[in-house]
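The values are calculated or read from the model by the stated rules, or taken from the named source; none is laboratory data. All values derive from a computational prediction rather than experimental measurement. Neighbour counts are summed over all protein chains in view; Cβ atoms, including those assigned to glycine, are modelled from backbone coordinates with ideal geometry.
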């Protein structure tokens, strides 16, 4: 354990206890919702997600029946775009926060410069590469939502592919995400098949998102990571878990045929004391129901040319990734002790709220997915009504 007195941020209050990552902290400065407020917000959030997911569930069923349909190939990115809009709505209406983007190594100024597609300031757009591998640290269950939201502001939210555990695959089959068992002999064929499919359309945008840690940071996972590091002689990280390199190595190597860059996101959340796990403070329920959410989400961005990443040798790549994680741990150490990333990285910081761009197009996306869901619900309702009338 690091012998260092942790500086506690103003909006965090320590509670009794000595365990490093145990839930010893609470946030005092938030509005405690009444029962009625909680009830209404829960119902609205539930209806919002269920209403938007009915269409996805139906198309997933069609996916099983006809996986090679050209209609589905057209609908898939459209629905991913609509779902990206849904995620922005979740932030905007249930967990409002501001994004702070830091320009790190390899990132050009133009990439993080807010552009207006239609003046005056109607559509906020960034200029990051449309086709890239993306890696990030994993602290909260909604980290993927943060990255998808960033994809929205880069207009690639219809072409994001996420590597996930196979145990949660049922709800995301239609999006053709990559699901792994974490057993290489079982995963490699499926992985290469899907990566090969992505290489067949180099003209399409692609953000291939992978969390090398494989799971979120908490007391249990940190202790396992610490034990493994000590057994293998590796460095113990304070804000991260030891990254798994195998899946990332083969993904980057295969995608290097059509993808030129890798983005490395280091994500930090405001209101979290040093050396405390964010997931003990910000749960999904607290963020989207109770209103206890990070008001600021800071993302330090680095960009690497894949041609300069050592891919000839797996061990060399593992060393490269470990070095990046050591640098990432230092960045997070600075962030959780000061509330921002190092001063040398704050030139040209971009700040903007996670809200929908104010355009008729985005409004139509929301209405479309709701209208589609309503139509599907009505179609499901008709046979139920018919059977009910026959019986009664």
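Rundown of residues vs (1) in a loop (DSSP other than H, G, I, E, B); (2) modelled with pLDDT under 75; (3) more than 27 Å from residue 349 (Cα to Cα); (4) out of contact with any helix residue (DSSP H, G or I) (no Cβ under 7 Å at 6 or more places or on another chain), yes/no style:
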residue	(1), (2), (3), (4)
29	yes, yes, no, yes
33	yes, yes, yes, no
45	no, yes, yes, no
51	no, yes, yes, no
64	no, yes, yes, yes
91	no, no, no, no
133	no, no, no, no
139	yes, no, no, no
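Among the residues that make up the range 305-316, is at least one of them surrounded by 15 or more Cβ atoms within 10 Å (Cβ to Cβ), modelled with pLDDT of 95 or more and in a loop (DSSP other than H, G, I, E, B)?
Yes, there is a match, as at least one residue in the range 305-316 is surrounded by 15 or more Cβ atoms within 10 Å (Cβ to Cβ), modelled with pLDDT of 95 or more and in a loop (DSSP other than H, G, I, E, B).
Could you check residue 267 against (1) surrounded by fewer than 18 Cβ atoms within 10 Å (Cβ to Cβ); (2) closer than 23 Å to residue 145 by Cβ; (3) at pLDDT 90 or above and say which number it fails?
Unmet for residue 267, out of (1) surrounded by fewer than 18 Cβ atoms within 10 Å (Cβ to Cβ); (2) closer than 23 Å to residue 145 by Cβ; (3) at pLDDT 90 or above: (1).
Which members of the range 162-199 meet the condition of being in a loop (DSSP other than H, G, I, E, B) and either modelled with pLDDT of 95 or more or under 22 Å from the mean Cα position of the chain (by Cα) (or both)?
169, 176, 177, 181, 182
Please identify the pairs in which a residue from the range 345-359 that is farther than 28 Å from residue 86 by Cβ has its Cβ atom under 6 Å from the Cβ atom of a residue that is in a loop (DSSP other than H, G, I, E, B) and modelled with pLDDT of 85 or more, counting only partners at least 6 apart or on another chain.
The qualifying pairs are 345/104.
In the range 217-235, is there at least one residue being outside any helix (DSSP H, G or I), closer than 28 Å to residue 76 by Cα and in contact (Cβ under 8 Å) with a residue 40 or more places away in the chain?
No, the range 217-235 contains no residue that is outside any helix (DSSP H, G or I), closer than 28 Å to residue 76 by Cα and in contact (Cβ under 8 Å) with a residue 40 or more places away in the chain.
Based on this model, can you work out whether residue 231 counts as surrounded by fewer than 17 Cβ atoms within 10 Å (Cβ to Cβ) and under 23 Å from residue 277 (Cα atoms)?
no
Each row is one residue, and each column tells you yes or no for (1) more than 24 Å from residue 352 (Cα to Cα); (2) in contact with a helix residue (DSSP H, G or I) (Cβ under 6 Å, 6 or more places away or on another chain); (3) surrounded by 15 or more Cβ atoms within 10 Å (Cβ to Cβ).
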site: 250; (1), (2), (3): yes, no, yes
site: 263; (1), (2), (3): no, no, yes
site: 279; (1), (2), (3): no, no, yes
site: 285; (1), (2), (3): yes, no, no
site: 295; (1), (2), (3): no, no, no
site: 298; (1), (2), (3): no, no, yes
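Please go through the range 191-211 and pick out each residue that is surrounded by fewer than 15 Cβ atoms within 10 Å (Cβ to Cβ), in contact with a helix residue (DSSP H, G or I) (Cβ under 9 Å, 6 or more places away or on another chain) and within 25 Å of residue 145 (Cβ to Cβ).
Hit for the range 191-211 is 204, nothing else.
Among the candidates 103, 78, single out the residue that is modelled with pLDDT of 85 or more and on the phi < 0 side of the Ramachandran plot.
103
State whether the residues of the range 255-265 include one that is assigned to a helix (DSSP H, G or I), free of Cβ contacts under 8 Å to residues at least 40 places away in the same chain and within 21 Å of residue 180 (Cβ to Cβ).
No, the range 255-265 contains no residue that is assigned to a helix (DSSP H, G or I), free of Cβ contacts under 8 Å to residues at least 40 places away in the same chain and within 21 Å of residue 180 (Cβ to Cβ).
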